[in-house]
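Below is one structure; the comments refer to it alone.
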Amino acid sequence: MYSYRIEQALRAITILHKDQVRKGSVPLPYVSHLFAVAMIVIDYTKDEDTVIAALLHDTLEDTDYTEAELQEDFGGKVLELVLALTEPQDNDKHQYTWKERKAGYAKGLRKAPKESLLIAAADKIHNMRAMVEEYFDDHERFLSEFSGSLEDRVAQYQDIANALNRGLKSEILGEFNHVFTEYKNFIEDVKKTKEHADKF
């Protein structure tokens, strides 16, 4: 899958996300997540634009990279796929809450191209798996590092799961649904820890 355009995407994300790190006990560079998502995507498609969009899927949301720059550098198709994966952004008229951003993302997936749905599934597989592994034995740290209620966290992933299972025809759904079940079981364990702590 290596190509000149993929090399350019790798260079772009390394620069654009250079000061960002993932949550967790070890501050991994944020690009580790983008590499992981692209590697998952490559298991299910060899389409170059889709792999590039997987690498760039957080650039419009989390960096100062503009839509115009993305289109000039990687083309309209990649821009279309990335836009479908970008949460609503704050502007002068409206400051979005966490719930509004997540709801807007899930709503956008209902009309997103199938390539964007594939990337979304890979993105959430990696995020959920990383969270369960990182906080499996440290529920208190999970509660302190992630805002929003536990119920809201499951609900936002359920909205995404509904959109993916309705709109995507891919073997990745089996992996996504399996990891989502593990995530829900983890959240139930966190709830029990929280309920026990609230009693004392």
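The values are calculated or read from the model by the stated rules, or taken from the named source; none is laboratory data. Treat the numbers as computed from the prediction; the structure is a model and nothing was measured. Virtual Cβ from ideal backbone geometry, glycine too; neighbours counted across all protein chains shown.
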Starting from residues that are of a type in the set (Gly, Ala, Ser) and in a helix (DSSP H, G or I), keep the ones in the stretch 1-52 and report whichever is surrounded by the fewest Cβ atoms within 10 Å (Cβ to Cβ).
-> SER32
Residues located in the stretch 1-50, provided they are more than 25 Å from LEU173 (Cβ to Cβ) and acidic (Asp, Glu) | GLU7, ASP19
So, in the stretch 162-200, of the ones that are of a type in the set (Phe, Trp, Tyr) and over 17 Å from the mean Cα position of the chain (by Cα), which residue ends up farthest from LEU85 (Cα to Cα)?
-> PHE200
Every pair of residues 6+ apart whose Cβ atoms lie under 9 Å, when the first sits in the stretch 168-193 and is at pLDDT 95 or above and part of a loop (DSSP other than H, G, I, E, B) while the second is surrounded by 16 or more Cβ atoms within 10 Å (Cβ to Cβ) and β-branched (Val, Ile, Thr) | SER170/THR45
Out of (1) closer than 20 Å to ASP19 by Cβ; (2) of a type in the set (Asp, Glu); (3) in contact (Cβ under 8 Å) with a residue 24 or more places away in the chain, what's the single condition that is false for GLU69?
-> (3)
Could you tell me whether ALA163 is at pLDDT 95 or above and within 15 Å of ALA103 (Cα to Cα)?
-> yes
Sole miss for GLU175 among (1) crowded, with 17+ Cβ neighbours inside 10 Å; (2) at positive phi is condition (2)
Which numbered condition TYR105 fails, given (1) buried (at least 17 other Cβ atoms within 10 Å of the Cβ); (2) of a type in the set (Phe, Trp, Tyr); (3) over 21 Å from GLN89 (Cβ atoms) | (3)
In the stretch 123-158, how many residues are more than 16 Å from THR86 (Cβ to Cβ) and not in a loop (DSSP other than H, G, I, E, B)?
-> 25
Looking at this structure, is ALA103 under 23 Å from ILE42 (Cβ atoms) and of a type in the set (A, V, I, L, M)?
-> no
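Residues are listed down the side, and each one gets a yes or a no for (1) among the charged types (D, E, K, R); (2) assigned to a loop (DSSP other than H, G, I, E, B):
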position	(1), (2)
ASP64	yes, yes
GLN71	no, no
VAL78	no, no
LEU81	no, no
THR86	no, yes
LYS93	yes, yes
GLU100	yes, no
ALA103	no, no
LYS111	yes, yes
Inspect the stretch 78-98 for any residue being in contact with a Phe, Trp or Tyr (Cβ under 7 Å, 6 or more places away or on another chain) and loosely packed, with under 14 Cβ neighbours inside 10 Å and give the result as yes or no.
-> yes
Does TYR135 qualify as being touching a Pro at 6+ places or on another chain (Cβ under 9 Å) and modelled with pLDDT of 95 or more?
-> no
Residues within the stretch 148-161 that are over 21 Å from VAL41 (Cβ atoms) and either surrounded by 14 or more Cβ atoms within 10 Å (Cβ to Cβ) or within 17 Å of the chain's Cα centre (by Cα) (or both), tallied = 9
Among the numbered conditions (1) touching a helix residue (DSSP H, G or I) at 6+ places or on another chain (Cβ under 7 Å); (2) surrounded by 15 or more Cβ atoms within 10 Å (Cβ to Cβ), tell me where ALA130 comes up short.
-> (1)
